[in-house]
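What follows is one structure encoded as structure tokens, with my remarks underneath.
The values are calculated or read from the model by the stated rules, or taken from the named source; none is laboratory data. Predicted model only: the values in this text are computed from it and were never measured. Here the Cβ positions follow ideal geometry from the backbone for every residue, glycine too, while neighbour counts run over all protein chains shown.
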Amino acid sequence: MRVQYYLERINYFGPTVPAADVLRDLHLAHLQSVPFENLDIHLGRPITLSEAYLYEKIVVHRRGGFCYELNGLFAWLLRELGFDVTLLSSRVFDGEGAAGPEFDHLALRVTCPADAAAPTTPWLADVGFGDSFRLPLRLDQTGRPQHEGQSVYRIAYYEEDLLLQREMDGAWVNQYSFSRQPRQLAEFAPMCHFHQSSPDSHFTRQRICSLATENGRITLSDERLIETTHGKRRERAVSEDEYRSILTAKFGISLP
């Protein structure tokens, strides 16, 4: 990996010591520079979970990806910078409150050796879950609300695993549970194949491209452009002729 090229890709030009404040800045920069998108699935292009492939796609060709790609590559960057990173298997909850299968989502546990006072403090990092927390969450504050602007999250216990929850309308809503067992990127390959090929996967049923902005989020969902700024949502239909020009103008993606 050419680390400097990756840092330029995410528009990050700050310090790179493996400390918590650097992790936070890298996390936010990544979310605001690299889209969450599944366009290759709808173009019939297979997604391969190799670090070299992910670097070529996201850094060299300036594309985005979904969780396995984004967090898989971000983990490599963090390791290159000296962070301690563990891949975590996660199970995403659906709208009816049911948890998905093992390896349904890839998240990261990160510690920061350069933090002299707390080099083993564990953080949950995730640059591949769409509209979610923008700054890493502390894993050692189980049950405590963690505030991020107008959003509130917490880490709770869930059977033998941990659970990410988000406060919505006064209630805690389950986002995903995750095991603390270390995993390898190759272990996510079967579920990655499922999500890019099965008609039961929501990724095969809908094109999505979404990017966090300084004051909100911009999303291209099939033929709908959704822009949220300071909590105000604007939505409009887009034609297929507009689609690619919006990808280029709003997300920096140029498809061949």
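Which pairs do you get when a residue that is under 17 Å from TYR176 (Cβ atoms) and in contact (Cβ under 8 Å) with a residue 12 or more places away in the chain, found in the range 142-156, comes within reach of a residue that is among the polar types (S, T, N, Q) and in a loop (DSSP other than H, G, I, E, B), reach meaning Cβ atoms under 9 angstrom, with the pair 6+ apart or on two chains?
SER151/SER132; TYR153/SER132; ARG154/GLN141; ARG154/THR142; ILE155/GLN141; ILE155/THR142; ALA156/THR142
Hey, could you check the range 94-113 for residues that are modelled with pLDDT of 95 or more, part of a strand (DSSP E or B) and of a type in the set (A, V, I, L, M, F, W, C) and say which is nearest to PRO190 (Cα to Cα)?
Looking at the filtered set, the residue picked out is LEU106.
So for the range 7-17 (the condition being under 16 Å from the mean Cα position of the chain (by Cα) and either within 23 Å of TYR176 (Cβ to Cβ) or not charged (D, E, K, R) (or both)), does at least one residue qualify?
There is at least one residue in the range 7-17 that is under 16 Å from the mean Cα position of the chain (by Cα) and either within 23 Å of TYR176 (Cβ to Cβ) or not charged (D, E, K, R) (or both).
Without any contact (Cβ under 8 Å) to a residue 60 or more places away in the chain, surrounded by fewer than 20 Cβ atoms within 10 Å (Cβ to Cβ) and aliphatic (A, V, I, L, M): which single residue out of ALA171, ALA186 fits that description?
When all the criteria are applied, what remains is ALA171.
Which of the residues belonging to the range 208-218 are buried (at least 18 other Cβ atoms within 10 Å of the Cβ), over 16 Å from PHE133 (Cβ atoms) and either touching a helix residue (DSSP H, G or I) at 6+ places or on another chain (Cβ under 7 Å) or free of Cβ contacts under 8 Å to residues at least 24 places away in the same chain (or both)?
CYS209, ILE218
Go through the range 1-33 and give me each residue that's assigned to a helix (DSSP H, G or I) and touching a Pro at 6+ places or on another chain (Cβ under 9 Å).
Correct list: ALA20, ASP21, VAL22, LEU23, ARG24, ASP25, HIS27.
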